[in-house]
Amino acid sequence: MLRPSVDGTTMGNDSSPTDDLRLFQTGGHACGYWPERSARDLVLDPRDPRLPEVYPQALDWGFRRSGDLVYRPHCAQCRACVAVRIPVAAFAPDRSQRRCLAGNADIETRIAPARRTAEHFELYRRYLGARHRDGGMDGHGVAEFDQFLVGSWSDTRFVEMREPAAHGPGRLLAVAVTDRVGNGLSAVYTFYEPELPQRGLGTLAILQQLEWARREHLDHLYLGYWIDGHAKMDYKRRFRPLEAFDGRRWRRFAA
């Protein structure tokens, strides 16, 4: 079993085939959530060929994937980023989430290979321009799309949500980039049509990922990090029950 070391330099134990897996600490950089703050991350060795094998266990220790990097925030003076996940079997949508499902009953969802198309990229650019203007990501091109969302070794799918059409695929409304990992799913990133706020497409994306996980009898949907007081992260606490990683074990989320 993998275990993070106290000094953040290796992972594993004496009986693990990954006991020599290396961890690196990044230098200080602007926090992606609070730009006025400085942040650091722990990163698993991106050149290690065992990353696909290690990745599911790393998620259980609060790590996350971005492109080919598997990382975890490791800031000296801040513990705001809390890894959260939904236990699939225990989840039941609340009234608002049931309204979201009913209001989007016309949307057609399919799980597609993680391959960028012009249609995907156009929607991604519109989403970033509306939601992350002047935040750095709005300058992403096709190379950044592939590097950030797809990666070279992960088992990734695009959960596509489309308007119905009489012939052929309907207009693409949302894409939930999702990793299939061990006995769970990891929600990597979601982008959607910014001009349709009434549809609640971000909420719908998580509900569709949960339905996928339920169909395949998977245990968890990992949602990345929740940050207390951050408006863009607050939606995650509305999915109950929710579990949070406290640095040692997963516990029922209390906030």
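The values are calculated or read from the model by the stated rules, or taken from the named source; none is laboratory data. As the structure is a computational prediction, the values presented were derived from the model and not from experiment. All Cβ positions, even for glycine, are placed from backbone atoms using ideal geometry, and neighbour counts span all protein chains on display. These accessible areas exclude ligands, DNA and RNA; they are computed on the full protein's heavy atoms, side chains included. Shrake-Rupley method; radii C 1.70, N 1.55, O 1.52, S 1.80 Å.
Mind checking the dipole of the range 92-216: about its Cα centre, +1 per Lys or Arg Cβ, -1 per Asp or Glu Cβ, Debye to the nearest 20?
Working: 17 positive and 17 negative charges, 62 e Å.
Dipole of the range 92-216, to the nearest 20 debye: 300 debye.
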**Prompt:** Could you give the nm distance between label points at Glu195 and Arg240, where each point is 7 Å from its Cα heading toward the beta carbon?
**Reply:** 3.7 nm
**Message:** As a test question: what accessible area, to the nearest 10 Å², does His120 have when a 1.4 Å probe is rolled over all protein chains in place?
**Reply:** 10 Å²
**Fill in**
A correct Karplus calculation of ³J(HN,Hα) over the range 223-232, with 6.51 cos²θ - 1.76 cosθ + 1.60, θ = phi - 60°, whole Hz and x for Gly and Pro, returns 10, x, 10, 9, 10, 4, x, 9, 4, 6
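Under 25 °C and 0.890 mPa s, how fast does the range 43-102 diffuse according to Stokes-Einstein, given a Kirkwood radius computed over C-alpha pairs? Answer in µm²/s, whole number.
Details: Rh = 14.2 Å.
It comes out at roughly 172 µm²/s.
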**Item:** Student exercise, the range 169-255 dipole from Lys, Arg, Asp, Glu Cβ charges, in Debye to nearest 20
**Value:** 260 debye
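Over the chain, what is the mean sequence separation of C-alpha contacts under 8 Å (at least six apart), divided by residue count, expressed as relative contact order in percent? Mind showing how you got there, number by number?
On the way: 448 pairs, mean separation 51.4, N = 255.
Answer for the chain is 20 percent.
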**Complete:** For the range 101-255, the charge dipole (Cβ of Lys, Arg +1; Cβ of Asp, Glu -1; about the Cα centre) points to a positive end, and the Cα of Trp250, Ala130, Ala105 closest to that extreme belongs to Trp250
**Prompt:** Just how large is the dipole of the chain about the Cα centre, in debye to the nearest 20, putting +1 at every Lys and Arg Cβ and -1 at every Asp and Glu Cβ?
**Reply:** 780 debye
**Request:** Express the accessible area of the range 94-188 per residue in Å², computed with a 1.4 Å probe while the remaining protein chains stay in the model.
**Result:** 51 Å²
**Request:** Express in Å², to the nearest 10, the accessible area of Val43 obtained by rolling a 1.4 Å probe over the protein heavy atoms while all chains stay in place.
**Result:** 20 Å²
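Where does the chain land at 222 nm, in deg cm²/dmol rounded to the nearest 500, when only DSSP H runs of n ≥ 4 count, each adding -39500 (n - 2.57), divided by all residues? Mind showing how you got there, number by number?
Details: 5 runs with 52 residues, N = 255.
That comes out to -6000 deg cm²/dmol.
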**Asked** Accessible area of Cys31, 1.4 Å probe, to the nearest 10 Å²?
**Response** 20 Å²
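Quick one: pull the percent of accessible area on the range 112-196 belonging to carbon and sulfur, 1.4 Å probe, ligands and nucleic acids left out. If you can, show how the numbers build up before the last one.
Details: 1880 of 3910 Å².
Answer for the range 112-196 is 48 percent, counting heavy atoms of protein chains only.
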**Asked** Normalised by the number of residues in the range 119-217, what is the relative contact order in percent for Cα pairs under 8 Å and 6+ residues apart?
**Response** 24 percent
